[in-house]
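Enquirer: Handing you this structure, nothing more for now.
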């Protein structure tokens, strides 16, 4: 799953022209960052702390801001007032953006011991709807990027971090609608989803993305759910222990003993891994032994290798999100290797690739979506989530190849408008559709008039 882009970064997050810090953050946000007083509020009897938030901090990193400068300011804020849990949460995000995962986790844990409720600085002083996100206390980028999805909207976001190890705040803050943003792609994540499911019993407000549907997005369960959809190809998938692969590498078992009726090549990855960590294509028995010698994980997904190369030999992989069941294009990555992510496709430096992506987005509804309309509709029906995304491709037989589905795939509007002028208009469509969906699920009427979404290029 490509969630960890913020952790790996672009090539150092440093463009040639660096904007001053107060040009990246809005004036009110910049003032809050400099002074950082504790901004805890009591909302419906619950204490909620204010924070800059993941989206704003990631934008700062993505545009080449000095993360050390930001971290220093946040450290000063926490030193001046140890109860400033919002600054601690922001510092956790900054450290993870810098690649300091372990320190980021410790800072997050310290913050959550003080407060589990955080309000991201709103883009409007008069929000028309209060959305409560139920999140897991996991690595940056692990939860649904809802703060990006709400860019420019008049929806106020409060995030509640839920864990079996953390007492549920009492009372829950007032809100109009809740959304589950925790993922379900590992045993660690599953414990948080289970706790959220338990807490949702008799929940007083409508809830988007129910936990019992999110768990079905796990890779092996996804195949079982979608394998018979006409026009759709999902790689066969099996979950196995390390000892099973050791037996294959030692010649004591065949790969078909791990994944029925499959021969080499296969694709293997550790359970719960993101952004291609230890993702490899294995072509023979010896490859298995070599792979295990370089990887100490204990549980893996093994799938058959699907060749999705186009007639020209290039591999084209696209990210599509479904908002209220409607598909929207988010990006198209083109590369000369099967392991494709947007960052390794070198899209920024290749104008021909960007032109192809622009055509893909401009003609998506009339071409790609139209070709796969029936498969998209059935996929959305079976997944049955208010919001989720897929990474997919088109094989030479014209079938839709779905590699993964996830409620937490990264979508954003941070790419340079000068280099990718077509991206922001497309992401506006996604963000606006998400805001309209949230209002509609809350029972609001006249969506076209009631949802105000503003964006700045």
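Enquirer: Take the conditions in contact (Cβ under 8 Å) with a residue 24 or more places away in the chain, out of contact with any helix residue (DSSP H, G or I) (no Cβ under 6 Å at 6 or more places or on another chain) and surrounded by 18 or more Cβ atoms within 10 Å (Cβ to Cβ) and apply them to residue 153. Does it pass?
Expert: So residue 153 does not fit the description; no.
Enquirer: A further question follows. Do we find a residue being buried (at least 22 other Cβ atoms within 10 Å of the Cβ), in a loop (DSSP other than H, G, I, E, B) and touching a residue at least 40 places away in the same chain (Cβ under 8 Å) anywhere in the range 80-99?
Expert: yes
Enquirer: In the range 196-210, which residues are part of a helix (DSSP H, G or I) and out of contact with any strand residue (DSSP E or B) (no Cβ under 7 Å at 6 or more places or on another chain)?
Expert: 197, 198, 199
Enquirer: Could I ask something else about it? If I ask for residues that are over 23 Å from the mean Cα position of the chain (by Cα) and either surrounded by fewer than 16 Cβ atoms within 10 Å (Cβ to Cβ) or under 22 Å from residue 404 (Cα atoms) (or both), which ones from the range 344-355 would you list?
Expert: Result: 349, 350, 351, 352, 355.
Enquirer: A further question follows. Which of the residues that make up the range 137-178 are under 16 Å from residue 110 (Cα atoms) and either part of a strand (DSSP E or B) or in contact with a strand residue (DSSP E or B) (Cβ under 7 Å, 6 or more places away or on another chain) (or both)?
Expert: 137, 160, 161, 162
Enquirer: In the list 133, 77, which residue meets the criterion of being outside any strand (DSSP E or B) and crowded, with 20+ Cβ neighbours inside 10 Å?
Expert: None of the other options fit; the residue is 77.
Enquirer: If you don't mind, another one. Report yes if some residue within the range 108-128 is farther than 24 Å from residue 428 by Cβ, without any contact (Cβ under 8 Å) to a residue 40 or more places away in the chain and crowded, with 20+ Cβ neighbours inside 10 Å; otherwise report no.
Expert: The answer is yes, given that some residue of the range 108-128 is farther than 24 Å from residue 428 by Cβ, without any contact (Cβ under 8 Å) to a residue 40 or more places away in the chain and crowded, with 20+ Cβ neighbours inside 10 Å.
Enquirer: Looking only at residues that are touching a helix residue (DSSP H, G or I) at 6+ places or on another chain (Cβ under 7 Å) and outside any strand (DSSP E or B) in the range 319-344, which one is farthest from residue 388 (Cα to Cα)?
Expert: The residue in question is 343.
Enquirer: Looking only at the range 105-115, decide whether some residue is over 23 Å from residue 410 (Cα atoms) and in a loop (DSSP other than H, G, I, E, B).
Expert: Checking the range 105-115: at least one residue is over 23 Å from residue 410 (Cα atoms) and in a loop (DSSP other than H, G, I, E, B).
Enquirer: Please tell me if residue 451 is closer than 30 Å to residue 131 by Cα, at pLDDT below 95 and outside the structural domain of residue 54 (by TED's automatic domain parsing).
Expert: yes
Enquirer: Any idea how many residues of the range 414-431 are within 26 Å of residue 207 (Cα to Cα) and either in contact with a helix residue (DSSP H, G or I) (Cβ under 8 Å, 6 or more places away or on another chain) or surrounded by fewer than 22 Cβ atoms within 10 Å (Cβ to Cβ) (or both)?
Expert: 4
Enquirer: Taking only the range 300-343 into account, find how many residues are without any contact (Cβ under 8 Å) to a residue 24 or more places away in the chain and either farther than 26 Å from residue 427 by Cα or surrounded by fewer than 21 Cβ atoms within 10 Å (Cβ to Cβ) (or both).
Expert: Final tally of qualifying residues: 6.
Enquirer: Let me ask something else about it. With respect to residue 193, is the statement that it is in a helix (DSSP H, G or I) and within 16 Å of residue 387 (Cβ to Cβ) true?
Expert: Yes, satisfied.
The values are calculated or read from the model by the stated rules, or taken from the named source; none is laboratory data. The structure displayed is predicted, hence computed values, not measured ones. When we count neighbours, we look across all protein chains shown, and the Cβ atoms used for this are built from the backbone with ideal geometry, even at glycine.
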